[in-house]
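Here the structure comes first, spelled out in structure tokens, and everything after it is commentary.
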Amino acid sequence: MTSAIALLRSARAGSPASVQYQPPDPCRYDFFQGQPDPGAYPVAELRAAFNAVFDDEGITACKYQGAGGRAEMAYGFVGLREEIAKLLNARDTVDGGRALDASNVMVVNGSSQGLSLAVSALIDPGDGVILEQASFGAVLGYLQQAGAEVRTVPMDRDGMDIDALVARLIKLKAAGHRVKLVYTIATFQLPTCSVLSLERRQRLIALAREWDFMILEDNCYYAFHFDAPPPPTLLALDLAQADGGGRVLQSDSCSKTIAPGLRIGWMAGHPDALKALAAVRQDLGVSQITTRALARYLASGSYAPNVEHARLLLKQKRDAGVAALRKHCGQWVTFDTPPGGIYFWLEMSEAIDWPKVPAAAAAEGIALRAGELFSNDPRAERFVRLAWAHMSIQDIEDGIALFGKVLARCAGK
Ligand SMILES: Cc1ncc(COP(=O)(O)O)c(C=O)c1O
């Protein structure tokens, strides 16, 4: 019998067949979801911070809003916004750049909510949006739902190809579309882990003014560099412009640096840009309890050493994974050693019969994410992303060794 919901779903919800990914059962090596190292979750510090919230401000923390009034339902607990502004000022400023304060920060239920608010606030049907050739699938979904004209540009190790971006801008304009937004994961890009070079960052900032668009900078991997610290963010560079900035909205998250279960992220940028986000926000805000606990955690000084601890753990895992890939999969895949981030992005050799790989990997209990999930471009289907940060070094090595055997079986078409 057909269920009622199958007939009532909106066009945006797709067909009942368009379900979320189901991992193989049993799943021995779960390379599917990007998650931090659970050994780096600051469980004891978070418990202490939550306890202190209940001890000191329990009743207030249980309300929709605190002393900040209704604005806290749109922008979040002001104490956390202040702590986040301090964190950003300490981590990422350039000479002549303006410092941030609470008015530059909106707290959201995970940065994915912030990204979806940014799309709602800026994009009308037919507006042009440009992003990297392979990118965060959720944002592609928000853009499709908003009716955006989405175009992608190629990337290399230095990130988005800015000449190709200019060509896209010219073409979209000629076709009558106004480009309002360029979405970029400039630092340790998902899924490639490439880093937009400083020179390209500066060109992108200049283009935003010349062509009158906003840059949506997704910054959730910025903390995890393994070889050299990345260049300043687009937001920091924008704030140092002669006009004082206002062209960059930056999303960031506690999901990779503290714990994804908190579901806390933030948007940083000009107060006017945040006002546009607040205008489309309908969710009655972020948990007062969690945001007060997080403000205490950030104020305690534990954040920076915990992130450094996680970074060093991840670097060891990156090195082990790269060695295992070279040893067990080198004949079948090419890849760049990621300079940061939490993924391996592998291009299959022509010898691999790619359509066989997902099922063959699943049969061995290996979950992985196929390249086409990061783009609307069928050419991405020869790519695979492995997420490894949450796994032990032993599991990363064993899982990659098994994946090498799967590839060997799928070779020779
Ligand atoms: C590039 C990118 N942006 C944003 C997010 C969303 O993170 P969250 O909503 O947990 O903050 C993710 C999650 O993996 C991501 O990979």
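The values are calculated or read from the model by the stated rules, or taken from the named source; none is laboratory data. Treat the numbers as computed from the prediction; the structure is a model and nothing was measured. We place every Cβ from the backbone using ideal geometry, glycine too, and count neighbours over all the protein chains shown.
Hey, can you tell me all the residues within the stretch 381-396 that are assigned to a helix (DSSP H, G or I) and buried (at least 19 other Cβ atoms within 10 Å of the Cβ)?
396
Tell me, yes or no, whether the stretch 65-74 has at least one residue that is surrounded by 19 or more Cβ atoms within 10 Å (Cβ to Cβ) and polar (S, T, N, Q).
Taking every residue of the stretch 65-74 in turn, none turns out to be surrounded by 19 or more Cβ atoms within 10 Å (Cβ to Cβ) and polar (S, T, N, Q).
Looking only at the stretch 143-179, filter to residues that are in contact with a helix residue (DSSP H, G or I) (Cβ under 9 Å, 6 or more places away or on another chain), of a type in the set (Lys, Arg) and not in a helix (DSSP H, G or I); which one of those is nearest to residue 337 (Cα to Cα)?
151
Only one of 205, 258, 215, 289 is under 17 Å from residue 87 (Cβ atoms), in contact with a helix residue (DSSP H, G or I) (Cβ under 9 Å, 6 or more places away or on another chain) and among the aliphatic types (A, V, I, L, M); which?
Selected residue: 258, the only one of 205, 258, 215, 289 that is under 17 Å from residue 87 (Cβ atoms), in contact with a helix residue (DSSP H, G or I) (Cβ under 9 Å, 6 or more places away or on another chain) and among the aliphatic types (A, V, I, L, M).
Of all residues in the stretch 304-338 being of a type in the set (Lys, Arg) and over 21 Å from residue 256 (Cα atoms), which is farthest from the chain's Cα centre (by Cα)?
That would be 327.
Can you find a residue in the stretch 207-228 that is assigned by TED's automatic domain parsing to the domain that holds residue 98, within 30 Å of residue 312 (Cα to Cα), modelled with pLDDT under 95 and of a type outside the set (D, E, K, R)?
yes
Restricting the stretch 339-372 to residues that are part of a helix (DSSP H, G or I) and surrounded by 16 or more Cβ atoms within 10 Å (Cβ to Cβ), which is farthest from the chain's Cα centre (by Cα)?
Step one: of the stretch 339-372, the residues part of a helix (DSSP H, G or I) are 354-363, 371-372.
Among the residues that remain, those that are also surrounded by 16 or more Cβ atoms within 10 Å (Cβ to Cβ) are: 354, 357-358, 360-362, 371-372.
Values: 354: 27, 357: 26, 358: 24, 360: 29, 361: 26, 362: 26, 371: 16, 372: 17 Å.
Ranking the qualifying residues of the stretch 339-372, first place goes to 360.
Residue 88 passes all but one of (1) in a helix (DSSP H, G or I); (2) under 28 Å from residue 195 (Cβ atoms); (3) more than 16 Å from the ligand (Cβ to nearest atom); which number fails?
(3)
Please go through the stretch 104-129 and pick out each residue that is within 16 Å of the ligand (Cβ to nearest atom) and not small (Gly, Ala, Ser). I'd like the intermediate steps shown before the answer.
Our first condition is that a residue be within 16 Å of the ligand (Cβ to nearest atom); within the stretch 104-129, this holds for 105-120, 129.
Correct list: 105, 106, 107, 108, 109, 113, 115, 117, 119, 129.
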